[in-house]
Amino acid sequence: MVGGRVRRSGLLATGVVAALGAVLAAGWAVESHRKGDGPSHAASPSGPSGDSGPSRSAAPGKSPAPGGTPGSARGRVVNGRTQPPTVRSPESASGRYVVARGTARPPSGARGTTVRYAVEMERGLPFDVTEFAATVHRVLNDPRSWGHGGRMRFVRVDGGPVAFRVALSSPALTDRLCAPLVTGGELSCRQGVRSVINARRWGTGVPWYRGDLAAYREYVVNHEVGHALGHGHERCPGPGRRAPVMVQQTKSLYGCRPNPWPFPQVGPAH
């Protein structure tokens, strides 16, 4: 991104993606966090896009990002921010989603078109669905995110029609949902109505974010939701420049500096 505008560009081709991780043998489904909501229903793959992309870039390694070890305690400070603990995700989990309960509204005074969305997490992952949902909601309603300047405001719901669903998924379920794109157990994607977030990346980030896991999580939410909102991949505008959020930063920075926001020149929410 240059001057706060989001540009569409061609995909990047830089090598061969890592081999696929384990894939769920059975189908996947969604279920509500509330008891008694009736039977779950199967997801329907269609039209994937995301950090996997048709480009065949090498995926990041499976080792955790610098600055912490899996399961490390809270309290590390990177770039002036206290970091969440790094967490190692299992290769696969239940294959079924739980939906974050309740409604979360945008901040008072937020303007723009109201966009309804849901948050899901695959059962069996070592994360808290309420904390995950709170992070997603904070990121999307930050003035540096897609709602910048009153473009839109985001309301999280647990039922009814939604524009997209942000789904934290094991590497195996991610691979299954994102096919035919090759995610290799490492990458995330947008598939149909879902912005699929790979739990491996959520838990450890990538090395080129240099231990700033909080910033990487902001990036992956904004990037995959960006696809849900119709934005395509972008290129690094030049060495040392700030990477547009739609650069495939999970693969590489391509000479740019890390940036998790569509509109980084705006101050953060307080």
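The values are calculated or read from the model by the stated rules, or taken from the named source; none is laboratory data. Being a predicted model, the structure only gives us computed values, none of them experimental. All Cβ positions, even for glycine, are placed from backbone atoms using ideal geometry, and neighbour counts span all protein chains on display.
If the condition is being part of a helix (DSSP H, G or I) and under 15 Å from the mean Cα position of the chain (by Cα), then the stretch 112-132 contributes Val129, Glu131, Phe132.
Residues in the stretch 206-263 that are over 25 Å from Met121 (Cβ atoms), in a loop (DSSP other than H, G, I, E, B) and of a type in the set (Phe, Trp, Tyr): Tyr254, Phe263. Looking across Gly95, Gly102, Gly109, Gly149, one residue alone is surrounded by 15 or more Cβ atoms within 10 Å (Cβ to Cβ), at positive phi and among the small types (Gly, Ala, Ser). It is Gly95.
Close Cβ contacts (under 7 Å, 6 or more residues apart or on different chains) running from residues in the stretch 243-259 that are on the phi > 0 side of the Ramachandran plot and among the aromatic types (Phe, Trp, Tyr) to residues that are in a loop (DSSP other than H, G, I, E, B) and at pLDDT 95 or above comprise Tyr254/Cys236; Tyr254/Val247. Taking each residue of the stretch 206-218 that is hydroxyl-bearing (Ser, Thr, Tyr) and looking for partners that are surrounded by fewer than 23 Cβ atoms within 10 Å (Cβ to Cβ) and assigned to a helix (DSSP H, G or I) with beta-carbon atoms closer than 9 Å, six or more apart or interchain, yields Tyr209/Ala215.
For the stretch 152-178, a tally of residues being surrounded by fewer than 24 Cβ atoms within 10 Å (Cβ to Cβ) and aromatic (Phe, Trp, Tyr) returns 1.
Against the definition (at negative phi and crowded, with 23+ Cβ neighbours inside 10 Å), how does Val225 come out, yes or no? Judged against the criteria, Val225 is a match. Take Val247 and tell me if it is over 26 Å from His148 (Cα atoms), crowded, with 24+ Cβ neighbours inside 10 Å and either at pLDDT 95 or above or not acidic (Asp, Glu) (or both). Taking the combined requirement at face value, the residue does not satisfy it.
Are any of the residues in the stretch 86-96 without any contact (Cβ under 8 Å) to a residue 60 or more places away in the chain, over 16 Å from the mean Cα position of the chain (by Cα), outside any strand (DSSP E or B) and under 25 Å from Gly147 (Cβ atoms)? Checking the stretch 86-96: not a single residue is without any contact (Cβ under 8 Å) to a residue 60 or more places away in the chain, over 16 Å from the mean Cα position of the chain (by Cα), outside any strand (DSSP E or B) and under 25 Å from Gly147 (Cβ atoms). Against the conditions (1) surrounded by 24 or more Cβ atoms within 10 Å (Cβ to Cβ); (2) farther than 22 Å from Arg81 by Cβ, Gly184 satisfies every one except (1).
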